[in-house]
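S.K.: Following this message is one structure expressed as C-alpha cells.
The values are calculated or read from the model by the stated rules, or taken from the named source; none is laboratory data. Because the structure is a prediction, the values reported are computed rather than measured. Every residue, glycine as well, gets a Cβ built from its backbone with ideal geometry; the counts of neighbours run over all protein chains shown.
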Amino acid sequence: MRYLLFFTSLFVIAACQPLPPPDLEPPEAPLSYVTERPQTTLTVQDRWWQDFNDERLNRLQERLFSNNLSLQQAIHRLEQLETLQRISRAQRLPQVSGNASVGRSQSLNATGGSIATTQNLSLAAGYEVDLWSKLKAEEQAAEFRSKAGQAEVEALLLSLSAQLSEQYFLAVEQRAQLDLLERQTINSRELLQLITARYRAGLATISELYQARQNLATMAAQEPTYRAALIQAENSIALLLGELPRSLSVELRQLPQISPVIDPGLPASLLTRRPDIAAALLELQASDRDLAAALAERLPSLNLSAGIGRSVTRLAHGDYGGTLWNLTLGLLQPLYDGGRLKALSDQQMAARAEQLALSREKLLSAVEEVESALTAELQAAEAAALLEQRRQINQAGLDVLRHNYLAGLTDSSDLLNRQIDHLEILSQQVSNRRQWLSHRITLVRALGGTWMTDELQKQRQALTTK
C-alpha cells in the first residue's frame, strides 16, 4: 500500500511542472507593405528563374543543385542533426545491456589448491522516469533543431539559385557590352575613314582626325574591363557548380526582357515562404524546450534499474550456481551544487531571449528586403523609360549631325561627341537592365518560395544513391 501511495503521489506531482518556463510570444508580421505597387502586377512561378525563358540558365540551375559543394556540406550537417534527434529520442527508452563472462582461477589452501571456472550471463536494464518531461523537452528541442537545419538548407538552396542567376546575367551583360562596343567600333572606323578621306582632300582639319582616332582609342580601352568582368563572372559560376575556373562560357549576348513588377503578397506569407525565418522560429522553439529541460533538471529524478542473470562456478568437487536478480528504485534530488543548475537555467533563459530577438530581427529584415527590392525595381523601370527617351533624342540628333556632315554643312566635332554620348547611353541601358534583373532576383529571393523542399528531397536521394 505504501508503494502505491508513493507512485500515485509522484504521478500527481509530475502532472504539474512546479517550474514552468515563461510564456513565449513569437514575432508577428506587419499587415501590409508600405511601398505602393502599380496596378499591373505579375505572379511568378515557384521556380522563378524559369520565367526568364532561358534553357541555358535552367540547365545551370540543375547542375548547381547537383554539384554545389556548399549544398552537399549542408545536407551532411542536416544528417548529423537528424542523428542527434534519434539519440535524444533513444534516451527516453529503457536501456538494456547484456554481459557474458568466463573466468578461470586457482586458489591455495591448507590441503593444496583448487581450480575454479566461473561462467556469468546477465541482462541489465535501466530507465529514467520522465517525471517533469525533461527528456521529452530535450527530444523536442532536438526535433526542432533538425527541422531548423532542414530550413537552413532550403535557405541555402534559395540563396544559391539567386547567386547563380546574378552571375549568369552579369556575364550576359559583359557579352552585351562587348557586342555593343564592337558594333560602335565598326561605325567609328567607317567615320574615321570618311574623315581621313576628307582631310586628304582638304575638307577636314587635323583636329577632327585626331578626335576620331581618340574616339576609337576610348572604345578600345573599355574592352579589357568588360572581358575581365566576363571571365570573373564565368569563374564564379564554375565555382558554384563545383568546377574548375574557365571550364564554362556564357555565350548569350542579350539580356531578357523583364515582366511587370511581381505581386509580393502580404508580409505574413514570409513566415511560411522564407526558410531562414522558419529556421529562426524553430530555433526559438528549441531554445524554449532547452529552458524547460534546464528547469526540470533542478527537480527530483526517478530511476529504475533491474538485472537478471545466472552464474555457475565449476570446482573439482562439484558445481554450484543459480539465478541472480535485482530491482532498484532510486530517487535523486539535487540539494547543493553551488548554484550550477540555477545558472544553467538562467543561461537557457538568456539564450531563449536572444533567439527571440534574432527571430524578430529576421522578420523585420525580410520585410525590409522586400520593401527595398520593390522600390529598387520600380526605380529601375522608371530609369529604363528615361534612358530610352534620352536614347531616342540622342539618336535623332545623331542622324541630323551625320546628314549635315555628309552634306558639308558642319564639321565632325559635334558628330564625334554625339557618337560617344550615344555609346554611353546604350551602355547605360544594358547596365540598367542588368541592375533591374538584379533587383528582380533580390525581390523573388526576399519573398522566398516552396520549391526548395522538393529539391532538397531530390538531392538527398541523389547523394544517398552516390
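S.K.: Kindly establish whether residue 148 is exposed (fewer than 12 other Cβ atoms within 10 Å of the Cβ) and either closer than 28 Å to residue 287 by Cα or assigned by TED's automatic domain parsing to the domain that holds residue 274 (or both). First the steps, then the outcome.
M.R.: On the way: exposed (fewer than 12 other Cβ atoms within 10 Å of the Cβ): no; either closer than 28 Å to residue 287 by Cα or assigned by TED's automatic domain parsing to the domain that holds residue 274 (or both): yes.
Considered against the rule, which asks whether it is exposed (fewer than 12 other Cβ atoms within 10 Å of the Cβ) and either closer than 28 Å to residue 287 by Cα or assigned by TED's automatic domain parsing to the domain that holds residue 274 (or both), residue 148 comes out as no.
S.K.: Would you check which residues across region 272-283 are buried (at least 18 other Cβ atoms within 10 Å of the Cβ) and assigned to a helix (DSSP H, G or I) and list them?
M.R.: Those that are buried (at least 18 other Cβ atoms within 10 Å of the Cβ) and assigned to a helix (DSSP H, G or I): 273, 275, 276, 277, 278, 279, 280, 281, 282, 283.
S.K.: Determine whether residue 269 is surrounded by fewer than 17 Cβ atoms within 10 Å (Cβ to Cβ) and within 30 Å of residue 164 (Cα to Cα).
M.R.: Here the answer is yes, as residue 269 does meet what is asked.
S.K.: Additional query: Taking the stated definitions as given, is residue 193 modelled with pLDDT under 95, crowded, with 19+ Cβ neighbours inside 10 Å and in a helix (DSSP H, G or I)?
M.R.: no
S.K.: Can you spot a residue in region 66-81 that is farther than 30 Å from residue 167 by Cβ and among the basic types (Lys, Arg)?
M.R.: No, region 66-81 has no match at all.
S.K.: Another question, then. Name the one entry in 449, 397, 408 that is in a loop (DSSP other than H, G, I, E, B), surrounded by fewer than 18 Cβ atoms within 10 Å (Cβ to Cβ), in the same structural domain as residue 76 (by TED's automatic domain parsing) and not acidic (Asp, Glu).
M.R.: None of the others qualify; the one that does is 408.
S.K.: Exactly one of (1) assigned to a helix (DSSP H, G or I); (2) of a type in the set (Val, Ile, Thr); (3) surrounded by fewer than 20 Cβ atoms within 10 Å (Cβ to Cβ) is unmet by residue 153. Its number?
M.R.: Unmet for residue 153, out of (1) assigned to a helix (DSSP H, G or I); (2) of a type in the set (Val, Ile, Thr); (3) surrounded by fewer than 20 Cβ atoms within 10 Å (Cβ to Cβ): (3).
S.K.: I need a count of the residues in region 360-377 that are over 22 Å from the mean Cα position of the chain (by Cα) and surrounded by 17 or more Cβ atoms within 10 Å (Cβ to Cβ).
M.R.: Selection size over region 360-377: 2.
S.K.: Inspect region 430-440 for any residue being of a type in the set (S, T, N, Q), within 19 Å of the chain's Cα centre (by Cα) and assigned by TED's automatic domain parsing to the domain that holds residue 62 and give the result as yes or no.
M.R.: yes
S.K.: Sort out which residues of region 320-377 are in a helix (DSSP H, G or I), over 21 Å from residue 288 (Cα atoms) and of a type in the set (A, V, I, L, M, F, W, C), and write them in order of number.
M.R.: Those that are in a helix (DSSP H, G or I), over 21 Å from residue 288 (Cα atoms) and of a type in the set (A, V, I, L, M, F, W, C): 364, 366, 367, 370, 373, 374, 376.
S.K.: May I ask you to list pairs of residues, at least six apart or on different chains, whose Cβ atoms are under 6 Å apart, with the first in region 358-385 being assigned by TED's automatic domain parsing to the domain that holds residue 442 and the second being polar (S, T, N, Q)?
M.R.: Pairs that qualify, where the first residue is assigned by TED's automatic domain parsing to the domain that holds residue 442 and the partner is polar (S, T, N, Q), are 371/35; 373/442; 374/35; 375/35; 380/435; 383/432; 384/432.
S.K.: Additional query: Given 114, 146, 133, which one is closer than 30 Å to residue 72 by Cα and in contact (Cβ under 8 Å) with a residue 12 or more places away in the chain?
M.R.: Selected residue: 146, the only one of 114, 146, 133 that is closer than 30 Å to residue 72 by Cα and in contact (Cβ under 8 Å) with a residue 12 or more places away in the chain.
S.K.: Quick check: anything in region 177-190 farther than 28 Å from residue 373 by Cα, in contact with a helix residue (DSSP H, G or I) (Cβ under 8 Å, 6 or more places away or on another chain) and not in a helix (DSSP H, G or I)? Break it down stepwise before answering.
M.R.: Here is the first cut: in region 177-190, the residues farther than 28 Å from residue 373 by Cα are 178-190.
After this cut, where a residue has to be in contact with a helix residue (DSSP H, G or I) (Cβ under 8 Å, 6 or more places away or on another chain) as well, the list is 178, 180-181, 184-185, 187-189.
In the following step, the residues that additionally are not in a helix (DSSP H, G or I) were identified as none.
No, region 177-190 contains no residue that is farther than 28 Å from residue 373 by Cα, in contact with a helix residue (DSSP H, G or I) (Cβ under 8 Å, 6 or more places away or on another chain) and not in a helix (DSSP H, G or I).
Residues checked against (1) under 22 Å from residue 127 (Cβ atoms); (2) at pLDDT below 80; (3) outside the structural domain of residue 85 (by TED's automatic domain parsing):
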| position | (1), (2), (3) |
| --- | --- |
| 283 | no, no, no |
| 287 | no, no, no |
| 290 | no, no, no |
| 303 | yes, no, yes |
| 306 | yes, no, yes |
| 309 | yes, no, yes |
| 313 | no, yes, yes |
| 320 | no, yes, yes |
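S.K.: Shifting gears a bit: Restricting region 237-255 to residues that are part of a helix (DSSP H, G or I) and surrounded by 18 or more Cβ atoms within 10 Å (Cβ to Cβ), which is nearest to the chain's Cα centre (by Cα)? Don't jump to the end; show me each part of the working.
M.R.: Step one: filter region 237-255 for residues part of a helix (DSSP H, G or I), giving 237-240.
Filter once more, so that each one left must be surrounded by 18 or more Cβ atoms within 10 Å (Cβ to Cβ): 237, 240.
Values: 237: 17, 240: 14 Å.
For region 237-255, the residue satisfying everything is 240.
S.K.: Out of 402, 340, 390, which single residue is more than 30 Å from residue 199 (Cα to Cα), surrounded by 14 or more Cβ atoms within 10 Å (Cβ to Cβ) and either of a type outside the set (Ser, Thr, Tyr) or at pLDDT below 85 (or both)?
M.R.: 390
S.K.: Among the helices (runs of 4 or more DSSP H) lying completely within region 1-96, list those that include at least 3 residues that are over 24 Å from the mean Cα position of the chain (by Cα) and modelled with pLDDT of 80 or more.
M.R.: By residue number, 69-90.
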